[in-house]
Amino acid sequence: MEQDQRMADGWKRWLLLAGAAVWLGLPWLVFGNNYVLSTLILIGLYALVGTGMTLLMGYAGQISLGQAAFYGIGAYASAYLTAHAGWPAWLALAAGAVLAALVALVVGIPVFRLREHYLALATLGFGVIMFTFFKEWKGITGGLNGFFGIPPIRIAGVPLQSDLPFYYLVSLFVLAGVWFARNIVRSRVGRALRAIHGSEVAANSLGVNITKYKLQIFMLSAVYASIAGSLYAHYVTFINPDLFGIVPSIYFLIMVVIGGAGSVWGGLIGAAVYVCLGEWLKAVVPLLLPDAGGEFEIVFFGLLLVIMLIYMPNGLTGVALKGWRRFWKTGWRRQVDSHKARSIGGERG
Amino acid sequence: MSAMLLEVERLSKSFGGVQAVQDVSFGVAKGEMVAVIGPNGAGKTTLFNMISGVIPPTGGSVRFQGGVINGKKPHELAMLGMTRTFQNLQLFSDMTVLENVMVGFHTRLTGGIFSAGFRLPLARREEKQAQEQAFSCLEQIGLAHLAWERAGTLPYGTQRLVEIARAAVSRPSLILLDEPMAGLNPQESKQLVDVLLAMREQGFTFLFVEHDMETVMAIADRIVVLDYGKKIAEGAPEEIARHPDVIKAYLGEEAV
Amino acid sequence: MEAWSQFVQLLFSGLTVGSIYALVALGFVITYSVTGILNLAQGDFAMLGALLCMTFVNSGMPFVLAIGLSIAAVMAVGALFERLAIQPARRSSVAVLIIITIGASFVFRGIALLAWGTDPYALRPFTGHGALEVFGAVIQWQSVWAIVISLASFAALHLFFQRTYIGKAVAACVINPFAARLMGIDIRKMSLGAVAVSAGLGALAGIVIAPISGASYDMGMMIGLKAFIAAVVGGLTNAPAAIAGAFLVGLLESFAEGYLSSGYKEAISFGLLLLVLLFMPNGLFAKMTGKRV
Amino acid sequence: MLVLRSVHVHHGHLHVLKGVDLHVGEGEIVAIVGANGAGKSTLLGTIAGVYAPTEGEILFEHKPLPYGKVEHIVDKGICLVPERRQIFDSLSVKDHLLLGAYRRQRRDRQEVKRDYERVLGLFPKLQTMLDRPGGLLSGGEQQMLAIARGLMARPKLLLLDEPSLGLAPLVVKEVMGMLRGLCDQFHTAMILVEQNVRAALQTADYAYVLERGAIVLHGKAAELLADERVAEAYLGAADRR
Amino acid sequence: GKTATSGGEDEVKIGAIFSASGGAAPLGKPEMETVKMLVEQWNEQGGMDGKKIKLIAYDDKSDQNEAVLSTKKLIEQDKVTAIIGGTISGNSLAMIPQIEKAGIPYISLAASKQIVNPSDGSSRHWTFKTAQGDNIVIQKLLGFLKEKGWTNVAWLNVANAYGTSGHEEFKHYAPEYGVKAVIEEEFEATVDDAKAMLTRVKKANPQAIIVWGTAQESAVVTKNIRQLGIESPIVESHGIGTKSFIDLAGEAANGVWFPAGRILVADQLPDSDPQKETLLKYKEQFEKAYGYAPTTFGGHAWDAFHLLVNAIKEGGTDKEKIRSALENTKKFIGISGVFHMSKDDHTGLDADSLVMVQIQDGKFVLAEQ
Ligand SMILES: Nc1ncnc2c1ncn2[C@@H]1O[C@H](COP(=O)(O)OP(=O)(O)OP(=O)(O)O)[C@@H](O)[C@H]1O
Ligand SMILES: Nc1ncnc2c1ncn2[C@@H]1O[C@H](COP(=O)(O)OP(=O)(O)OP(=O)(O)O)[C@@H](O)[C@H]1O
Ligand SMILES: [Mg+2]
Ligand SMILES: [Mg+2]
């Protein structure tokens, strides 16, 4: 069984390597097509938010319906600090992340006493209130008219103005983000989080400080979202509050659920599927119904969403994981069964 | 009395009108195995809940390792070296048996979110240690072959054992067991008794609730009897078995 | 005297809006207490009810018949939704179920968009355009209707659930579905019934509000959210509390709008929500939960 | 009354019951004993319709039982008092008892009222906490409640999964006596799964020993109680004598 | 969704992005339909100089990210010659950096003046627009108030981008016209009952009430004003110029004034009006094609399309030539008005492009001249 495990790990490593190769090579496959690249960049940004959310949802068991608020905090912090205060973009990005973490801390302390639906609702409320802030705090955010003229991000003094370098930058963030999340999941912290999911009182009695971990993860997910927001601001250079209201929050949640919150890859896969599905519907629906407008896409999207979740309640990664486990487990599973049988019956008497 | 590991003094708890525990005092010395018995609803679990910090008492105090622990949270107590099992099983049912037990090792590790996230050597070392400890603990209790099973699918009796392993793996100085034998047949109980006795040899201290009198008589050094929230007797097993109030309230006439 | 009439005006504004929230919130509570699902498509039932009723009326149907028919139609939609989307996913996590209802809400909204377009439509008031004058405040008959209907629906439901044995069975379904089945309770039927009734209540709400604010394909979202707040403020499983919550939200919005400023109306109701949740994590009127170890 | 013919049950790819044959006669108490994980709960669950057998058949009153339809099986007069009690946390004790009679509530209201009094008579402890939410009861009290709730269904066949779990010794004795009494008085048939093997065998008429998903031994309860193999494996007898 | 109206091989590709669904659909849908209709007509008539127009139109679903992506798609993948669209200001503003960078002629249909005169001074070399900015509409409205002598007014706007932008322009220009707001309020786009807010307005006793919103919410507020027995005249925004406002507000709609593009009252215009003929033609064609009356938004699309086509006629498919042709457009008679573009004015419209309209007996009636 040890051997099987090692073999599975080997396989996984190859798979990861292949994935990385595709990822790096992708721009060359779609060479020169900035449209595809920007789609990929958007996927990357969503994936960053989503990865933070998988930690929060899949491992800390907490639903957030207000994640776009943190995305917004990052975006506005970067926008304001670079455009109006003249800070370098990287510093602004870091400041945004710190700010988002602080806000998460302040919000999280009271909110995490809540559970399930109530928690979801509280985060929704938080999202609406932050949206109101973005809307009304015109001096900083430009209000509903939007914030434009955000300077591009610079690396070693060179502004990143085209899509290709930006794609690699975002990919780097995503990979680092997933790596970080994966490490957490496979550590004492991740285990503690999943334990909280299973039984709070038991985890607590075993020494797991529930509030601390929930808060830390909430803050971490806020940092992920905020970084993505900062990058977005520098990428599109124009932001407005509508990007950070409850509807985007709901979309983030949808992505994570499609991808499956049970794995740190859920954010990336969910974002990719979500965006591609949208693009695909845009291409396919007009073929089926030539005169249909975007509303048909919405109907189809809703239907697909419902069907997908009925059949894959744990998202795509859930399905993949199950297949993977079955593939690798049948071997030692048999061994365990025979072993168990022996120990239960045989040794008695 | 200050040599006591755990001292409970005039501990009380009332839920609205229900006086679940009333002025209960007793102590547990290091290395001792103390049983709490009493009829259903006598307040045993409530007592455990107060000692382990799950609910606050309405009166009285608890001292653990010489310090007052009233108002401390369960996780703080776990850090101090007190863990417990639950009468209504509280396993992490979606995790494997091994992982369940590894969570029990939580207090022995220090790695935080950053060392974990960046995969610092500390985190890796600790991870390995936790796994080894958990596995050897499972071996001791005879569950090693189930290490990779999902805890939720195990039969009821086995789940109890996993909970015990989980509570013991961090080698706490005191373990509270709430009906450890429930769901095991006499033969299996006997095996568990052996495990518990072996653990005592290693220096574990137990405070436990149990209805299976055979077990209680076999392993308890001292028994505390509760009835309607009050302590009605305390003493060695033989004394308790003869105690008229205990027989009347709990054991029945022709017991053991 | 003028201050007094303003007060009365605000009071009735709040009650009117509150009564709409109340109807939808009742739907939330019923669905939630039977299935454990927060149906975020609840507001869309109101939208469907209003638009269908408008269409029926315009096609020359008698008003009362149109109302009945549209409620029945929406109930059927609700039942279908339950069978096709909720039932198969019953075992999924909270997040998944929330998203499924959101997906359904997309579908409802999209279909409405196809059928009725983006234009808002008008529906005539139940009993003429006249108004009552109370202490110098003007109160539309339609407002009176709204309040009366919501209270009446509540009373009927309350009777049904409290007096009849079904209420307990309904509660059992969500607390412990497995045990409920062991008692012989058919949780599938219960859930079907609950969602259908909730849909009907939502439709009724839409029909009542349409003469006041018009009806359009996207009216569901905001009504749904506000009712949602009301239900949570009340405690989610407790119908009278949800009604109280709904009127509370309605009145709060109205008075805040009347005496302070209206720009922050949304933030105010969500702020109330947060406050309630912070100080009373299970709602204002929470009952004992029966959780211990 | 109830007949199982070579019933096989799987949990995923785990073969749990491997061809179980079982017979329960009218007004008979049948005990099933066996080690942890032998499949006792699975067996009861299968009869109650929670799990569907992959092979074999189950006949109740000479008719096959519908699989996987718990609520319909309740209608036929089979009631399971499940493992882990399955209490409705926030419902009061009183509501639990009333819900126990859900299927016959409308049919015979008077009868239900009488049963309610009678069941409370059997568990005087519950009488004192009628309005307390079930979730707040102590473990043993919950167990009593679960049994009482099962009795309220007034089934023809009562399936009890470890009813003595968590009960004080005195109460165990009372419960066993009460089950015997019910059987004698109302001709309720029962299947009693127990870890408290002695108590079970003393109460039952007939008994089966289940090991690793198969029946390895069966016979009159009294005979099994005297059987050396049983005493050795399940009563821990060797040590005590 | 993407829709392409095909041309032949010898064709000019024009890209378009509209919010044909989602929140801004009431605006974007007629825009999309107008352009499609025009392209079809154009190609039926043989295109320009034998060249047909190939329209590649995307629906951004009123979502900024969709708009940005579609812009890139048009530029990178479809390689269009010019782009029109961006139904709402936010989407247009998000598209502009891409467009300026790529260097492609672009005509926005949205109103914000930031689109052509950004306050941060960034480049707008390639960007034009055909909708009157709110600054122009507000000036028209203020001129009307001044003329009527209603200088103490109540200002109510809907709490969204449309409303706040109007509010800002109002605050900016009101002193110039000697108009003062005695009370300023916001209401939600989803308002059910605005009586609470209106009780305060009633107390403030204004000479006129300005309601700045789109049809549905404005109808609720208008109804509520009359229900509360407030008799002051009501002046609203150009956003209510649809039949559904009259349906929704019922009796209360009568007497309401608002500034609007001429299309709404095309048949009432004097024959001397230079736009009349164009307007009537567009109206007739649109009604025939889609069965409902065209809107001012469709008009913005009409203007954009024709401006572009004229420029292409002049400049061929060379982007810079098209751009400079656009910039030098003079006296172009469109639906929204008569355009005079210049280097500093990429809109080319002034307050005269609007007229005041009053609703009387459930009809739009031209109020001036
Ligand atoms: N939160 C609570 N609210 C109200 N009553 C409670 C609460 N918790 C416990 N009780 C009551 O207090 C009494 C003591 O309960 P406890 O669980 O401590 O009993 P126990 O001795 O563990 O019994 P058992 O042997 O059956 O497990 C019981 O009657 C129980 O119903
Ligand atoms: N839901 C499930 N999924 C997968 N395996 C299961 C499931 N339930 C039970 N099992 C497995 O089936 C076997 C029999 O379990 P069962 O609960 O029937 O045993 P039992 O005889 O009742 O044991 P106990 O005396 O401990 O209650 C065990 O190996 C258990 O792991
Ligand atoms: Mg207990
Ligand atoms: Mg069992």
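What residues in the range A:150-185 lose 40 Å² or more of accessible surface when the other protein chains are added to their chain alone (1.4 Å probe)? So the qualifying set is A:TRP179, A:PHE180, A:ASN183. The range E:176-237 and the range B:147-218 have their alpha-carbon centroids 74 Å apart. Rolling a 1.4 Å probe over the protein heavy atoms of chain E, with every protein chain left in place, gives an accessible area that is 47 percent carbon and sulfur. Comparing chain E with the 2.2 N^0.38 Å rule of thumb, its C-alpha radius of gyration ratio is 0.98 (two decimals).
When the protein assembly as shown is described by a simple charge dipole with +1 on each Lys and Arg Cβ and -1 on each Asp and Glu Cβ, the residue from A:LEU231, A:LEU144, C:ILE147 located farthest towards its positive end is A:LEU231. Nonpolar atom fraction for the range B:91-171, defined as the carbon and sulfur part of the 1.4 Å probe accessible area, stands at 52 percent.
Taking every residue in B:81-93 and counting other chain Cβ atoms within 10 Å of its Cβ, the average works out to 5.
Sorted by accessible area with a 1.4 angstrom probe, largest first, how do C:LYS168, E:LYS363 fall? The partial results should precede the final answer.
Values: C:LYS168 60, E:LYS363 130 Å².
Largest to smallest exposure gives the sequence E:LYS363, C:LYS168.
Averaged per residue, what accessible surface does the range A:33-340 expose to a 1.4 Å probe, in Å²?
33
Each peptide in B:140-153, D:176-189 receives the mean, over its residues, of other Cβ atoms within 10 Å, and ordering these scores from highest gives B:140-153, D:176-189.
Sorted by accessible area with a 1.4 angstrom probe, largest first, how do A:SER162, A:SER78 fall?
Most to least solvent-accessible, the answer reads A:SER162, A:SER78.
The charge dipole of the range A:33-340, taken about the Cα centre with unit charges on the Cβ atoms of Lys, Arg (+1) and Asp, Glu (-1), comes to about 1520 debye, rounded to the nearest 20. Please identify, among B:GLY53, B:GLY104, B:GLY17, the residue showing maximal mean-square fluctuation in a Gaussian network model of chain B using a 10 angstrom Cα cutoff. Looking only at B:GLY53, B:GLY104, B:GLY17, the largest GNM fluctuation is found for B:GLY17.
Taking every DSSP bridge with both residues inside the range E:17-159, close to 10 percent are antiparallel. Shown for the range B:29-46: residues covered by the partner protein chains by 50 Å² or more of accessible area relative to the chain by itself (probe radius 1.4 Å), namely B:ASN40.
Dividing the convex hull volume of the alpha-carbon atoms in the range C:2-283 by its residue count gives 133 Å³ per residue.
If I build a Gaussian network model for chain A, linking alpha-carbon pairs within less than 10 angstrom, which residue out of A:TYR232, A:TYR224, A:TYR168 has the largest mean-square fluctuation? Sorting by GNM fluctuation, first place goes to A:TYR168.
Just flag the chymotrypsin sites (Phe, Trp or Tyr not before Pro) in the range C:74-159 sitting in loop per DSSP whose Cβ has no more than 15 other Cβ atoms within 10 Å. Write out the running numbers ahead of the final one.
Details: sites: C:PHE81, C:PHE106, C:PHE108, C:TRP116, C:TYR121, C:PHE126, C:PHE135, C:TRP141, C:TRP145, C:PHE154; in loops: C:PHE126, C:PHE135.
Within the range C:74-159, the qualifying chymotrypsin sites (Phe, Trp or Tyr not before Pro) (loop, at most 15 other Cβ atoms within 10 Å) are C:PHE135.
Helix E:195-204 and the longest principal axis of the C-alpha atoms of chain E enclose an angle of approximately 70°.
Over chain B, what relative contact order in percent results from Cα pairs under 8 Å that are six or more residues apart? Show your work: numbers first, answer last.
Values: 469 pairs, mean separation 68.5, N = 256.
The normalised contact order for chain B reaches 27 percent.
How large is the dipole of the protein assembly as shown about the Cα centre if only Lys and Arg carry +1 and Asp and Glu carry -1, each at its Cβ, rounded to the nearest 20 debye?
2300
Packing, taken as the mean count of other beta carbons within 10 Å per residue, orders the peptides D:12-21, E:237-246 from highest to lowest as E:237-246, D:12-21.
Quote the total accessible area buried by chains B and A together, excluding ligands, DNA and RNA, probe 1.4 Å, nearest 100 Å².
On the way: alone 12480 and 18530 Å², together 27650 Å².
What B and A bury together is about 3400 Å².
For chain A, a Gaussian network of Cα nodes joined below 10 Å ranks A:VAL285, A:VAL208, A:VAL174 by mean-square fluctuation, and the top entry is A:VAL285.
With a 1.4 Å probe, how much accessible area is buried between chains C and D, both sides summed, in Å² to the nearest hundred?
Working: alone 14430 and 11900 Å², together 23850 Å².
Adding both sides of the contact gives about 2500 Å².
The residues of the range C:124-177 expose, per residue, 51 Å² of accessible area to a 1.4 Å probe.
If you count, for every residue in A:124-131, the Cβ atoms of partner chains within 10 Å of its Cβ, what is the mean?
Details: counts 7, 13, 3, 1, 9, 8, 1, 3.
Taking all residues of A:124-131 together, the mean is 6.
Counting, for every residue in E:53-60, the Cβ atoms of other protein chains within 10 Å of its Cβ and taking the mean gives 1. For chain B, the longest principal axis of the Cα atoms and the long axis of helix B:156-168 meet at an angle of about 80 degrees. Using just its DSSP H runs of length 4 or more, each adding -39500 (n - 2.57), chain E gives a mean residue ellipticity at 222 nm of -12500 deg cm²/dmol after division by all residues.
Any chance you could run the full-extension gain for B:ALA236 through B:MET217? It's 0.36 nm times the residue separation minus the Cα-Cα distance, nm to one decimal. Don't jump to the answer; show the numbers that get you there.
Values: separation 19, 0.36 × 19 = 6.84 nm, distance 0.90 nm.
Full extension from B:ALA236 to B:MET217 adds 5.9 nm.
List the relative contact order of chain A as a percent without decimals, with contacts defined as Cα pairs under 8 Å and 6+ residues apart. Relative CO of chain A lands at 30 percent.
Taking every DSSP helix (H) stretch of at least 4 residues in chain D, weighting each as -39,500 (n - 2.57) and dividing the sum by the residue count yields a mean residue ellipticity at 222 nm of -11500 deg cm²/dmol. Taken one residue at a time, the phi angles of the range C:164-179 give Karplus couplings (6.51, -1.76, 1.60, θ = phi - 60°) of 9, 6, 4, x, 5, 4, 4, 4, 4, 3, 8, 5, 7, x, 5, 5 Hz. Gly and Pro are set to x. Normalised by 2.2 N^0.38 Å, where N is the number of residues, the alpha-carbon radius of gyration of the protein assembly as shown equals 1.03.
Under the criterion of Cα pairs below 8 Å and six or more residues apart, the relative contact order for chain E equals 16 percent.
Where in chain D are the DSSP H helices whose alpha-carbon span along the long axis reaches 18 Å or more and whose Kyte-Doolittle mean is at least -1.0? Present the calculation step by step, with values, prior to reporting the outcome.
Values: long enough: D:109-122 (20 Å, -1.22); D:139-152 (20 Å, 0.24); D:169-186 (25 Å, 0.66).
Qualifying helices, which must be both long enough and hydrophobic enough, are D:139-152, D:169-186.
Computed from the C-beta positions of C:SER59 and E:ASP361 and an R0 of 22 Å, the FRET efficiency is 0.30 to the nearest 0.05.
In the range B:148-173, the residues whose accessible area drops by at least 30 square angstrom when the other protein chains are added to the isolated chain are B:TRP148, B:GLU149, B:PRO155, B:TYR156; the probe is 1.4 Å and only protein heavy atoms count. At a 1.4 Å probe, what is the % contribution of carbon and sulfur to the accessible area of the range A:33-340? Taking all protein chains in place, the range A:33-340 shows 69 percent carbon and sulfur surface. Every helix of 4 or more DSSP H residues in chain C counts as -39500 (n - 2.57), and over all residues that averages to -24000 deg cm²/dmol at 222 nm.
Might you tell me the accessible area per residue for chain E, computed with a 1.4 Å probe and given in Å²?
Values: 12770 Å² over 369 residues.
About 35 Å² of surface per residue is accessible.
Look at where the Cα atoms of the range D:19-94 and of the range C:12-40 average out, and the two centres are 40 Å apart.
Could you run the numbers on buried accessible area between D and B, total for both chains, 1.4 angstrom probe, in Å² to the nearest 100?
2300
The values are calculated or read from the model by the stated rules, or taken from the named source; none is laboratory data. Because the structure is predicted, anything quoted here is derived from the model rather than measured. All Cβ positions, even for glycine, are placed from backbone atoms using ideal geometry, and neighbour counts span all protein chains on display. These accessible areas exclude ligands, DNA and RNA; they are computed on the full protein's heavy atoms, side chains included. Shrake-Rupley method; radii C 1.70, N 1.55, O 1.52, S 1.80 Å.
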